[in-house]
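Written below as structure tokens is the structure these notes are about.
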Amino acid sequence: MTWGWTGVRGTWATPQAEQSLRELAAVGGVTWVTIAFAALQETAHSTRIPFTEPPTVTDDELRWAIRRARELGLRVCLKPTVNCADGTWRAFIAFFDQDVPGEPSWTEWFASYREFILHYARIAQQEDCELLCIGCEMVQADRQERHWRELIADVRRVYDGLVTYNCDKYQEDRLTWWDAVDVITSSGYYPSGTWTEHLDRIEGVVERWGKPFFFMEAGCPSREGSAARPNDWTLAGAASPAEQERYYREMFEACTGRPWMQGFMLWDWPPRLYAIDEAAHNDDYCVYAKPAQDVVGEHYRALARRSTDHRTAQARE
């Protein structure tokens, strides 16, 4: 499960955030949490990422969240992410392929991004986070293979846990540097009725690179029409917990027969939950107190049983 987004300063390390983490840990079968937060650069063509400034959560808030999650028995993936303050999606962050004097460049941007990621890699190391996600849905930046490889090498000098990158939906077979990370992850916002074709495609990626795979993001708003466009959080429609529940059942059923599928960091679980009596009218991604929460618990418990059975069988061999 993914917790904390977008990591606004002052919204963590509060009684509401404490209760939110407790409710998340109580969902049956949940063993991991991705703690996700964003720093803001001004535009898609800015080269400075002021991650120590508001609205990004402070290091103290971040350490609080990691420690509380671990006290609740959860393993932790740390996911620092960059967003654009003007609302442009981070997938459109881009510069000229070749550095041009006097123009913003990939070299300048990656220098700032490196400082950003290494700062949190050091915290991940100090707080014993099991997994670090070094980027999310950076579709235009994905092509900058040299920069990513250099960044990953730098990360490994300060962090000895597992490293992953969260590519966007439809991009799993387009990255050329999966060998540099430990785990392949992506955002699995695939429309209802299309799971088989996309899982077949992803299976080829897993076989080619020989790496573990899970969905770093996946889910669907509880909103009419969202099953056809689960990635679109702006889609207009009435609240529909039933549509969300159906989507989750279809997703889990499609993935169950894929032994290479390691799990889901479902999107998402906010630091301040809505009241239980508001769940039927909430149309966002969170499954708290909605029918989809029971579906998630059923699947996660079944996944845990299969994992236990597999380990037992291996021990007997």
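Read the figures in this text as sums done on the coordinates, not as results from a lab. Just so we're clear, the structure is a prediction, and the values are computed from it rather than from any experiment. For neighbour counting, all protein chains shown are included, and Cβ atoms are generated from backbone atoms with ideal geometry for every residue, glycine included.
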Taking the reciprocal of mean 1/r across every pair of different Cα atoms in the range 2-316, the Kirkwood radius in Å is 20.1 Å
So what are the ³J(HN,Hα) numbers for the range 21-30, from phi and the Karplus equation (6.51, -1.76, 1.60; θ = phi - 60°), rounded to whole Hz, Gly and Pro as x? 5, 5, 5, 4, 5, 7, 5, x, x, 6
Computed lengthening from THR43 to ARG146, 0.36 nm per intervening residue step minus Cα-Cα distance: 34.8 nm
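Please sort by residue number the trypsin sites (Lys or Arg not before Pro) in the range 38-91 whose DSSP state is loop and whose Cβ has at most 16 other Cβ atoms within 10 Å. Don't skip to the answer; put the middle values down first.
Working: sites: ARG48, ARG63, ARG67, ARG68, ARG70, ARG75, ARG90; in loops: ARG48.
Of the trypsin sites (Lys or Arg not before Pro), the ones in loops of the range 38-91 whose Cβ has at most 16 other Cβ atoms within 10 Å are ARG48.
For n ≥ 4 DSSP H runs only, could you compute -39500 (n - 2.57) per run for the chain, divide by its residues and tell me the 222 nm figure to the nearest 500?
Roughly -12500 deg cm²/dmol at 222 nm, from the helical runs in the chain.
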Give me, ordered by chain and number, the residues 5 or more places off ASP284 or on other chains with an amide H under 5 Å from its own placed amide H. SER222
Tell me, rounded to the nearest percent, the portion of alpha carbon pairs in the range 27-116 spaced more than 16 Å apart. 61 percent
For the range 71-123, with equal point scatterers placed on the C-alpha atoms only and solvent neglected, what are the log10 I(q)/I(0) values from the Debye formula at q = 0.16, 0.22 1/Å, to two decimals? -0.65, -0.97
Could you tell me what % of all Cα pairs in the range 84-226 have separations over 21 Å? 49 percent
Listed by chain and number, the residues whose amide H is under 5 Å from that of VAL163, excluding neighbours fewer than 5 places away on the same chain and using placed H, are LEU132, ASP182, VAL183
Rg over Rh [alpha-carbon atoms, Kirkwood Rh] for the range 203-317: 1.04
Below 8 Å, C-alpha to C-alpha, sequence gap of six or more: please give me the relative contact order for the range 75-228 in percent. 20 percent
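Between GLN98 and ASP232, what FRET efficiency comes out of the Förster formula 1/(1 + (r/R0)^6) with R0 = 25 Å and r the beta carbon distance, rounded to 0.05? It would help to have the intermediate numbers written out before the result.
Numbers: r = 34 Å, r/R0 = 1.37.
So, using R0 = 25 Å, E works out to roughly 0.15.
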Would you kindly state how much longer the chain becomes between THR256 and THR176 on full extension, computed as 0.36 nm times their sequence separation minus their alpha carbon distance, in nm to one decimal? 26.1 nm
